[in-house]
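The structure under discussion appears below in the form of C-alpha coordinates.
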Amino acid sequence: MRPTRSLLFLTGIAALVFAPAVALRSQDPQPVAAAWKKADSAAHAAMLASKEAYLGSKSCKMCHNKAETGDSYDCWENSGHAKAFETLKGEAAKKIAAELGLKDAAKAPECLKCHVTGAAFLGDEERFGKKFSLEDGVGCESCHGPAGGHIDGRKAAKATKVPTDRLPELPPGELVVPDLALCSQCHNDESPTYEAFDPEKMLKAIAHLHPLREKPRVSPPKKKESEK
Ligand code: HEC
Ligand code: HEC
Ligand code: HEC
Ligand code: HEC
(Lines give C-alpha, C1' and ligand atoms only; values in the text may rest on other atoms or scores of the structure.)
(Ligands and ions follow the chains in the order given, each with its own letter.)
Protein backbone atom coordinates (compact mmCIF):
# COMPACT_ATOMS: atom_id res chain seq x y z
CA MET A 1 0.00 0.00 0.00
CA ARG A 2 1.25 3.49 -0.75
CA PRO A 3 1.86 5.65 2.32
CA THR A 4 -0.99 8.03 1.51
CA ARG A 5 -3.46 5.20 1.20
CA SER A 6 -2.22 3.48 4.30
CA LEU A 7 -2.46 6.81 6.11
CA LEU A 8 -6.07 7.11 5.06
CA PHE A 9 -6.72 3.57 6.15
CA LEU A 10 -5.05 4.21 9.46
CA THR A 11 -6.95 7.39 9.95
CA GLY A 12 -9.98 5.16 10.02
CA ILE A 13 -8.76 2.87 12.78
CA ALA A 14 -6.91 5.58 14.55
CA ALA A 15 -9.95 7.83 14.66
CA LEU A 16 -11.57 5.15 16.75
CA VAL A 17 -8.65 4.34 18.94
CA PHE A 18 -6.39 7.36 19.27
CA ALA A 19 -8.66 10.33 18.92
CA PRO A 20 -11.72 9.69 21.01
CA ALA A 21 -12.32 13.44 21.20
CA VAL A 22 -13.06 13.37 17.49
CA ALA A 23 -14.64 10.02 16.83
CA LEU A 24 -16.10 8.91 20.13
CA ARG A 25 -16.82 12.17 21.79
CA SER A 26 -19.27 10.75 24.25
CA GLN A 27 -17.52 7.48 25.05
CA ASP A 28 -14.60 6.55 27.22
CA PRO A 29 -11.25 6.57 25.46
CA GLN A 30 -9.85 3.13 24.94
CA PRO A 31 -6.91 2.11 27.11
CA VAL A 32 -4.30 2.71 24.40
CA ALA A 33 -5.27 6.33 23.91
CA ALA A 34 -5.69 6.87 27.62
CA ALA A 35 -2.12 5.75 28.24
CA TRP A 36 -0.83 8.26 25.72
CA LYS A 37 -2.97 11.10 26.93
CA LYS A 38 -1.67 10.80 30.46
CA ALA A 39 1.22 13.22 30.68
CA ASP A 40 3.92 11.90 32.97
CA SER A 41 6.62 14.47 32.34
CA ALA A 42 6.90 18.18 31.65
CA ALA A 43 7.93 17.48 28.06
CA HIS A 44 5.04 15.12 27.44
CA ALA A 45 2.53 17.55 29.01
CA ALA A 46 3.83 20.37 26.79
CA MET A 47 3.51 18.13 23.75
CA LEU A 48 -0.09 17.19 24.49
CA ALA A 49 -0.99 20.81 25.22
CA SER A 50 0.40 22.12 21.92
CA LYS A 51 -2.17 22.91 19.23
CA GLU A 52 0.44 23.02 16.44
CA ALA A 53 0.56 20.63 13.49
CA TYR A 54 3.00 17.77 13.02
CA LEU A 55 4.85 18.54 9.78
CA GLY A 56 7.13 15.50 9.50
CA SER A 57 10.91 15.11 9.75
CA LYS A 58 11.50 15.91 6.08
CA SER A 59 10.36 19.45 6.69
CA CYS A 60 13.29 19.96 9.12
CA LYS A 61 16.01 18.88 6.71
CA MET A 62 16.64 22.17 4.87
CA CYS A 63 17.59 24.01 8.07
CA HIS A 64 19.01 21.22 10.24
CA ASN A 65 21.44 19.26 8.08
CA LYS A 66 24.73 21.09 8.71
CA ALA A 67 27.60 19.57 10.68
CA GLU A 68 28.48 23.05 12.05
CA THR A 69 25.18 23.10 13.96
CA GLY A 70 24.89 19.47 15.08
CA ASP A 71 23.58 17.78 11.92
CA SER A 72 20.40 16.63 13.62
CA TYR A 73 18.73 15.50 10.37
CA ASP A 74 21.40 13.02 9.29
CA CYS A 75 21.84 11.85 12.83
CA TRP A 76 18.13 11.03 13.02
CA GLU A 77 17.95 9.56 9.52
CA ASN A 78 20.68 7.08 10.40
CA SER A 79 19.10 6.11 13.70
CA GLY A 80 16.73 3.28 14.59
CA HIS A 81 14.02 5.88 15.21
CA ALA A 82 13.81 6.70 11.48
CA LYS A 83 13.16 3.01 10.74
CA ALA A 84 10.67 2.39 13.52
CA PHE A 85 7.67 2.13 11.17
CA GLU A 86 9.59 -0.01 8.69
CA THR A 87 10.37 -2.37 11.58
CA LEU A 88 6.67 -3.09 11.99
CA LYS A 89 6.62 -4.60 8.48
CA GLY A 90 9.53 -6.95 9.14
CA GLU A 91 9.64 -10.63 10.03
CA ALA A 92 10.34 -10.07 13.73
CA ALA A 93 7.27 -7.83 14.01
CA LYS A 94 5.12 -10.36 12.15
CA LYS A 95 6.10 -13.00 14.65
CA ILE A 96 5.35 -10.82 17.66
CA ALA A 97 2.03 -9.74 16.17
CA ALA A 98 1.01 -13.35 15.47
CA GLU A 99 1.76 -14.31 19.07
CA LEU A 100 -0.48 -11.50 20.26
CA GLY A 101 -3.24 -12.36 17.82
CA LEU A 102 -2.77 -9.12 15.85
CA LYS A 103 -3.24 -9.22 12.08
CA ASP A 104 -0.78 -6.59 10.95
CA ALA A 105 1.68 -4.86 13.27
CA ALA A 106 2.01 -1.88 10.89
CA LYS A 107 -1.72 -1.20 11.32
CA ALA A 108 -2.20 -2.21 14.93
CA PRO A 109 -2.63 0.67 17.37
CA GLU A 110 -0.96 -1.57 19.96
CA CYS A 111 2.28 -1.27 17.96
CA LEU A 112 1.90 2.11 16.22
CA LYS A 113 1.60 3.75 19.58
CA CYS A 114 5.39 3.78 20.04
CA HIS A 115 6.58 3.29 16.45
CA VAL A 116 5.22 6.47 14.81
CA THR A 117 5.06 10.20 15.58
CA GLY A 118 2.05 11.99 17.04
CA ALA A 119 0.23 8.75 17.90
CA ALA A 120 -2.01 10.53 20.41
CA PHE A 121 -3.50 12.55 17.55
CA LEU A 122 -3.62 10.11 14.64
CA GLY A 123 -6.99 10.38 13.01
CA ASP A 124 -7.23 14.13 13.56
CA GLU A 125 -6.20 15.20 10.06
CA GLU A 126 -5.89 18.86 10.94
CA ARG A 127 -2.96 18.04 13.18
CA PHE A 128 -0.79 16.66 10.36
CA GLY A 129 0.85 18.56 7.48
CA LYS A 130 1.23 17.34 3.90
CA LYS A 131 4.83 16.16 4.34
CA PHE A 132 4.00 14.14 7.43
CA SER A 133 4.37 10.41 6.86
CA LEU A 134 4.01 7.41 9.12
CA GLU A 135 7.05 6.08 7.25
CA ASP A 136 9.16 8.57 9.23
CA GLY A 137 8.65 6.34 12.25
CA VAL A 138 9.75 8.04 15.46
CA GLY A 139 10.47 11.44 13.92
CA CYS A 140 11.93 14.69 15.24
CA GLU A 141 8.55 15.76 16.54
CA SER A 142 8.27 12.67 18.77
CA CYS A 143 10.87 14.36 20.96
CA HIS A 144 10.58 18.06 20.08
CA GLY A 145 6.79 18.29 19.76
CA PRO A 146 4.70 19.40 16.77
CA ALA A 147 6.79 21.96 14.87
CA GLY A 148 4.25 23.90 12.77
CA GLY A 149 4.70 26.98 14.96
CA HIS A 150 8.49 26.65 14.96
CA ILE A 151 8.78 26.60 11.19
CA ASP A 152 6.32 29.48 10.75
CA GLY A 153 8.16 31.37 13.48
CA ARG A 154 11.62 30.91 11.99
CA LYS A 155 10.42 31.79 8.49
CA ALA A 156 8.65 34.91 9.76
CA ALA A 157 11.81 35.94 11.63
CA LYS A 158 13.80 35.25 8.44
CA ALA A 159 15.97 33.08 10.69
CA THR A 160 16.41 30.10 8.46
CA LYS A 161 20.03 29.46 9.38
CA VAL A 162 20.83 27.91 12.74
CA PRO A 163 23.57 30.11 14.21
CA THR A 164 27.13 28.76 14.32
CA ASP A 165 28.52 31.44 16.66
CA ARG A 166 26.09 30.93 19.56
CA LEU A 167 23.73 28.30 20.96
CA PRO A 168 20.25 28.18 19.43
CA GLU A 169 17.70 30.17 21.36
CA LEU A 170 14.00 29.92 20.59
CA PRO A 171 11.10 31.88 22.02
CA PRO A 172 9.72 29.94 25.02
CA GLY A 173 7.15 27.34 24.03
CA GLU A 174 8.03 27.27 20.32
CA LEU A 175 9.23 23.68 20.69
CA VAL A 176 9.38 21.08 23.44
CA VAL A 177 12.70 20.44 25.18
CA PRO A 178 12.70 16.68 25.68
CA ASP A 179 13.36 15.04 29.04
CA LEU A 180 14.30 11.50 30.04
CA ALA A 181 10.76 10.65 31.13
CA LEU A 182 9.72 11.25 27.54
CA CYS A 183 12.07 8.50 26.39
CA SER A 184 10.49 6.17 28.96
CA GLN A 185 7.11 6.83 27.42
CA CYS A 186 8.18 4.36 24.72
CA HIS A 187 11.24 2.71 26.25
CA ASN A 188 9.47 0.66 28.89
CA ASP A 189 8.41 -2.92 29.56
CA GLU A 190 5.22 -2.51 27.58
CA SER A 191 7.45 -2.88 24.52
CA PRO A 192 7.43 -6.55 23.49
CA THR A 193 11.20 -6.39 22.88
CA TYR A 194 12.11 -4.22 25.86
CA GLU A 195 15.70 -4.08 26.94
CA ALA A 196 16.72 -2.12 30.02
CA PHE A 197 17.06 1.57 29.12
CA ASP A 198 20.49 2.89 30.03
CA PRO A 199 20.06 6.68 29.80
CA GLU A 200 23.74 7.44 29.39
CA LYS A 201 24.25 4.97 26.56
CA MET A 202 20.95 5.77 24.86
CA LEU A 203 21.39 9.55 24.95
CA LYS A 204 24.87 9.17 23.52
CA ALA A 205 23.54 6.98 20.73
CA ILE A 206 21.11 9.66 19.51
CA ALA A 207 23.19 12.76 20.40
CA HIS A 208 23.02 15.68 17.95
CA LEU A 209 24.13 18.56 20.13
CA HIS A 210 25.23 21.90 18.78
CA PRO A 211 29.05 21.87 18.73
CA LEU A 212 29.08 24.86 21.10
CA ARG A 213 26.91 23.12 23.72
CA GLU A 214 29.14 21.96 26.55
CA LYS A 215 26.39 20.92 28.95
CA PRO A 216 23.40 19.03 27.57
CA ARG A 217 20.03 19.98 29.06
CA VAL A 218 18.97 16.34 28.99
CA SER A 219 21.49 14.30 30.90
CA PRO A 220 21.48 10.95 32.68
CA PRO A 221 20.91 11.02 36.43
CA LYS A 222 24.20 11.37 38.31
CA LYS A 223 25.64 8.01 39.32
CA LYS A 224 26.45 7.47 42.98
CA GLU A 225 30.15 6.99 43.82
CA SER A 226 29.45 3.29 44.52
CA GLU A 227 27.97 2.71 41.05
CA LYS A 228 30.88 4.12 39.09
C1 HEC B 1 7.57 7.70 20.41
C2 HEC B 1 8.33 6.63 21.03
C3 HEC B 1 9.79 6.84 21.37
C4 HEC B 1 10.36 7.88 22.07
C5 HEC B 1 9.67 9.11 22.67
C6 HEC B 1 11.77 7.58 22.16
N7 HEC B 1 12.05 6.41 21.52
FE8 HEC B 1 13.89 5.56 21.26
N9 HEC B 1 13.05 4.05 20.15
C10 HEC B 1 11.71 3.91 19.89
C11 HEC B 1 11.49 2.76 19.04
C12 HEC B 1 10.16 2.25 18.53
C13 HEC B 1 12.78 2.22 18.77
C14 HEC B 1 13.09 1.02 17.88
C15 HEC B 1 13.26 1.46 16.48
C16 HEC B 1 13.48 0.29 15.54
O17 HEC B 1 14.55 -0.34 15.59
O18 HEC B 1 12.58 0.03 14.73
C19 HEC B 1 13.74 3.08 19.48
C20 HEC B 1 15.13 2.89 19.46
C21 HEC B 1 16.03 3.68 20.14
C22 HEC B 1 17.46 3.51 20.10
C23 HEC B 1 18.18 2.42 19.31
C24 HEC B 1 18.28 1.24 20.22
C25 HEC B 1 18.59 -0.03 19.57
O26 HEC B 1 19.03 -0.92 20.31
O27 HEC B 1 18.33 -0.15 18.37
C28 HEC B 1 18.03 4.46 20.92
C29 HEC B 1 19.50 4.66 21.24
C30 HEC B 1 16.93 5.25 21.48
N31 HEC B 1 15.74 4.75 20.97
C32 HEC B 1 17.07 6.30 22.36
C33 HEC B 1 16.03 7.13 22.78
C34 HEC B 1 16.19 8.26 23.68
C35 HEC B 1 17.50 8.67 24.36
C36 HEC B 1 14.97 8.85 23.80
C37 HEC B 1 14.58 10.09 24.57
C38 HEC B 1 15.37 11.29 24.34
C39 HEC B 1 14.04 8.08 22.99
N40 HEC B 1 14.71 7.04 22.41
C41 HEC B 1 12.69 8.38 22.84
C42 HEC B 1 10.68 4.71 20.36
C43 HEC B 1 10.87 5.91 21.04
C1 HEC C 1 14.59 10.43 20.38
C2 HEC C 1 14.39 11.83 20.61
C3 HEC C 1 14.86 12.82 19.59
C4 HEC C 1 14.63 12.81 18.22
C5 HEC C 1 13.88 11.76 17.42
C6 HEC C 1 15.22 14.01 17.71
N7 HEC C 1 15.79 14.73 18.72
FE8 HEC C 1 16.66 16.57 18.57
N9 HEC C 1 17.19 16.48 20.53
C10 HEC C 1 16.90 15.45 21.40
C11 HEC C 1 17.61 15.64 22.64
C12 HEC C 1 17.57 14.72 23.85
C13 HEC C 1 18.36 16.85 22.49
C14 HEC C 1 19.35 17.47 23.45
C15 HEC C 1 18.84 18.57 24.25
C16 HEC C 1 19.93 18.98 25.20
O17 HEC C 1 20.45 18.14 25.92
O18 HEC C 1 20.26 20.16 25.20
C19 HEC C 1 18.05 17.36 21.15
C20 HEC C 1 18.53 18.55 20.62
C21 HEC C 1 18.22 19.05 19.36
C22 HEC C 1 18.63 20.33 18.85
C23 HEC C 1 19.43 21.39 19.62
C24 HEC C 1 20.88 21.06 19.67
C25 HEC C 1 21.59 22.00 20.62
O26 HEC C 1 22.52 21.56 21.31
O27 HEC C 1 21.20 23.16 20.68
C28 HEC C 1 18.15 20.44 17.57
C29 HEC C 1 18.33 21.60 16.61
C30 HEC C 1 17.44 19.22 17.29
N31 HEC C 1 17.50 18.40 18.40
C32 HEC C 1 16.79 18.97 16.11
C33 HEC C 1 16.26 17.72 15.77
C34 HEC C 1 15.77 17.38 14.46
C35 HEC C 1 15.72 18.33 13.27
C36 HEC C 1 15.38 16.08 14.51
C37 HEC C 1 14.88 15.18 13.41
C38 HEC C 1 15.57 15.24 12.14
C39 HEC C 1 15.57 15.63 15.90
N40 HEC C 1 16.12 16.64 16.60
C41 HEC C 1 15.21 14.37 16.37
C42 HEC C 1 16.05 14.40 21.14
C43 HEC C 1 15.60 14.03 19.89
C1 HEC D 1 13.19 27.51 8.07
C2 HEC D 1 14.26 26.88 8.81
C3 HEC D 1 13.89 25.87 9.87
C4 HEC D 1 13.13 24.73 9.73
C5 HEC D 1 12.40 24.26 8.49
C6 HEC D 1 13.19 24.06 11.01
N7 HEC D 1 13.95 24.77 11.89
FE8 HEC D 1 14.45 24.26 13.78
N9 HEC D 1 15.54 25.97 14.02
C10 HEC D 1 15.73 26.91 13.02
C11 HEC D 1 16.58 27.99 13.52
C12 HEC D 1 17.02 29.21 12.73
C13 HEC D 1 16.90 27.66 14.86
C14 HEC D 1 17.76 28.48 15.80
C15 HEC D 1 17.08 29.77 16.18
C16 HEC D 1 18.02 30.76 16.85
O17 HEC D 1 18.67 30.43 17.84
O18 HEC D 1 18.09 31.87 16.35
C19 HEC D 1 16.23 26.38 15.13
C20 HEC D 1 16.32 25.70 16.33
C21 HEC D 1 15.75 24.44 16.55
C22 HEC D 1 15.90 23.69 17.77
C23 HEC D 1 16.75 24.08 18.96
C24 HEC D 1 15.93 24.40 20.13
C25 HEC D 1 16.78 24.53 21.36
O26 HEC D 1 16.23 24.97 22.36
O27 HEC D 1 17.97 24.17 21.34
C28 HEC D 1 15.21 22.52 17.59
C29 HEC D 1 15.05 21.38 18.59
C30 HEC D 1 14.62 22.55 16.28
N31 HEC D 1 14.97 23.74 15.67
C32 HEC D 1 13.85 21.54 15.75
C33 HEC D 1 13.27 21.55 14.49
C34 HEC D 1 12.43 20.50 13.97
C35 HEC D 1 12.07 19.24 14.72
C36 HEC D 1 12.07 20.87 12.71
C37 HEC D 1 11.19 20.13 11.72
C38 HEC D 1 9.91 19.62 12.18
C39 HEC D 1 12.68 22.15 12.45
N40 HEC D 1 13.39 22.54 13.55
C41 HEC D 1 12.55 22.86 11.26
C42 HEC D 1 15.22 26.87 11.76
C43 HEC D 1 14.40 25.89 11.24
C1 HEC E 1 5.64 0.97 24.76
C2 HEC E 1 6.16 1.24 23.43
C3 HEC E 1 6.20 0.13 22.40
C4 HEC E 1 5.15 -0.62 21.96
C5 HEC E 1 3.70 -0.60 22.45
C6 HEC E 1 5.67 -1.48 20.92
N7 HEC E 1 7.01 -1.24 20.73
FE8 HEC E 1 8.26 -2.23 19.46
N9 HEC E 1 9.85 -1.18 20.21
C10 HEC E 1 9.77 -0.20 21.18
C11 HEC E 1 11.11 0.20 21.55
C12 HEC E 1 11.44 1.29 22.56
C13 HEC E 1 11.99 -0.57 20.78
C14 HEC E 1 13.53 -0.56 20.86
C15 HEC E 1 14.02 -1.79 21.63
C16 HEC E 1 13.38 -1.92 22.97
O17 HEC E 1 13.85 -1.35 23.94
O18 HEC E 1 12.33 -2.60 23.06
C19 HEC E 1 11.16 -1.44 19.95
C20 HEC E 1 11.67 -2.36 19.04
C21 HEC E 1 10.90 -3.23 18.29
C22 HEC E 1 11.42 -4.19 17.34
C23 HEC E 1 12.88 -4.34 16.94
C24 HEC E 1 13.59 -5.22 17.89
C25 HEC E 1 15.03 -5.31 17.49
O26 HEC E 1 15.85 -5.25 18.40
O27 HEC E 1 15.33 -5.40 16.30
C28 HEC E 1 10.35 -4.88 16.83
C29 HEC E 1 10.39 -6.01 15.80
C30 HEC E 1 9.16 -4.34 17.46
N31 HEC E 1 9.53 -3.34 18.32
C32 HEC E 1 7.88 -4.77 17.20
C33 HEC E 1 6.75 -4.34 17.87
C34 HEC E 1 5.42 -4.87 17.64
C35 HEC E 1 5.07 -5.95 16.64
C36 HEC E 1 4.59 -4.20 18.49
C37 HEC E 1 3.10 -4.41 18.67
C38 HEC E 1 2.68 -5.72 19.09
C39 HEC E 1 5.40 -3.25 19.26
N40 HEC E 1 6.70 -3.37 18.83
C41 HEC E 1 4.90 -2.42 20.23
C42 HEC E 1 8.62 0.31 21.75
C43 HEC E 1 7.36 -0.25 21.62
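The values are calculated or read from the model by the stated rules, or taken from the named source; none is laboratory data. As the structure is a prediction and not an experimental result, all values here were calculated from the model. For neighbour counting, all protein chains shown are included, and Cβ atoms are generated from backbone atoms with ideal geometry for every residue, glycine included.
Some observations on this one:
- Among residues of segment 194-222 that are within 15 Å of ligand 3 (Cβ to nearest atom), those with a Cβ under 6 angstrom from a residue that is among the hydroxyl-bearing types (S, T, Y), sequence gap 6+ or separate chain, pair up as I206/S79; H208/S72; H210/T69.
Table: residues versus (1) of a type in the set (D, E); (2) loosely packed, with under 14 Cβ neighbours inside 10 Å; (3) assigned to a loop (DSSP other than H, G, I, E, B).
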residue	(1), (2), (3)
D152	yes, no, no
K155	no, yes, no
E174	yes, no, yes
P192	no, no, yes
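- Residue pairs whose Cβ atoms lie under 9 Å apart, sitting 6 or more positions apart in sequence or on different chains, and linking a residue in segment 46-64 that is in contact (Cβ under 8 Å) with a residue 60 or more places away in the chain and within 15 Å of F128 (Cα to Cα) to a partner that is within 16 Å of ligand 1 (Cβ to nearest atom) and polar (S, T, N, Q), are M47/S142; Y54/T117; G56/T117; G56/S133; S57/T117; S57/S133; K58/S133; C60/S72.
- If the condition is being away from ligand 1 (no atom under 16 Å from the Cβ) and at pLDDT 95 or above, then segment 131-154 contributes G148, G149, H150, I151, D152, G153, R154.
- Only one of the numbered conditions (1) modelled with pLDDT under 95; (2) β-branched (V, I, T); (3) more than 10 Å from ligand 3 (Cβ to nearest atom) is violated by I96, and that is (1).
- Matching entry among R213, R166, R217 (being at pLDDT below 95, part of a loop (DSSP other than H, G, I, E, B), at negative phi and within 14 Å of ligand 2 (Cβ to nearest atom)): R217
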